[in-house]
Amino acid sequence: MSAYELDLETSAETGSSGGSEVTMNYVEVIETVISSLQQDQSAMVSHDETGGYLWKFKYGSVEVFVQLLGTSDEDTLNVWSPILKLPVTNEAALVHKLMEMNWSDTFEARFAIVDHQVVVCAQRTLAELSPAEVSRNITIVATIADDNDEALQAEFPAS
């Protein structure tokens, strides 16, 4: 896997087949969204030999990760942001709070626990995915993570 700093100067080029069907360039769409959200030129991208991409950028007080596993309809766009390392004091109350927030506060995203940390995440297959949905998923994850990380860290300190 190669890693490099992200040059966010994107072109307006999109592919087309037969003139009537436009194929979205997911990489360009993602990089355009990240360029509008990133702070301090923090965006980085890795590309692997199987055609997958992984971006990382800073948004407020959180790091946001965007993963594109490929470009077929069956591939997925994954967006996540770690907000709290586990274990914490009163984990039962934390899980209860996260479940309530999943019901009322997360739109298409959700809180989850992975690799001993609480994350805000969203996942979507590429089938019929629009540029607006790409933008919305990345923006919602980044915003919810930034809006909640410090409050949750204060309420549930490390144990």
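The values are calculated or read from the model by the stated rules, or taken from the named source; none is laboratory data. In this text, all values refer to a predicted model and were calculated from it rather than measured experimentally. All Cβ positions, glycine included, derive from the backbone under ideal geometry; neighbour counts span all protein chains shown. To get the accessible areas, we keep the full protein, side chains included, count just its heavy atoms, and leave off ligands, DNA and RNA. Shrake-Rupley method; radii C 1.70, N 1.55, O 1.52, S 1.80 Å.
Scanning for something in a loop (DSSP other than H, G, I, E, B) and open to solvent by less than 20 Å² (accessible area, probe 1.4 Å), does the stretch 135-142 turn up at least one residue? Checked against the condition, which is being in a loop (DSSP other than H, G, I, E, B) and open to solvent by less than 20 Å² (accessible area, probe 1.4 Å), the stretch 135-142 yields no hits at all. Each residue in the stretch 77-110 was checked for being open to solvent by less than 60 Å² (accessible area, probe 1.4 Å) and among the small types (G, A, S), and 3 of them qualify. Of the residues making up the stretch 64-75, those that are open to solvent by less than 20 Å² (accessible area, probe 1.4 Å) and not small (G, A, S) number 3. Would you confirm whether or not the stretch 115-128 contains a residue that is out of contact with any His (no Cβ under 8 Å at 6 or more places or on another chain), open to solvent by 70 Å² or more (accessible area, probe 1.4 Å) and farther than 29 Å from E31 by Cβ? Yes, some residue in the stretch 115-128 is out of contact with any His (no Cβ under 8 Å at 6 or more places or on another chain), open to solvent by 70 Å² or more (accessible area, probe 1.4 Å) and farther than 29 Å from E31 by Cβ. Taking the stretch 51-63 as the search range and keeping residues that are part of a loop (DSSP other than H, G, I, E, B) and modelled with pLDDT of 95 or more, which one is surrounded by the fewest Cβ atoms within 10 Å (Cβ to Cβ)? Of everything passing the filter in the stretch 51-63, S61 is surrounded by the fewest Cβ atoms within 10 Å (Cβ to Cβ). Of all the criteria given as (1) closer than 13 Å to I113 by Cβ; (2) free of Cβ contacts under 8 Å to residues at least 60 places away in the same chain; (3) not basic (K, R), the one not satisfied by V88 is (2).
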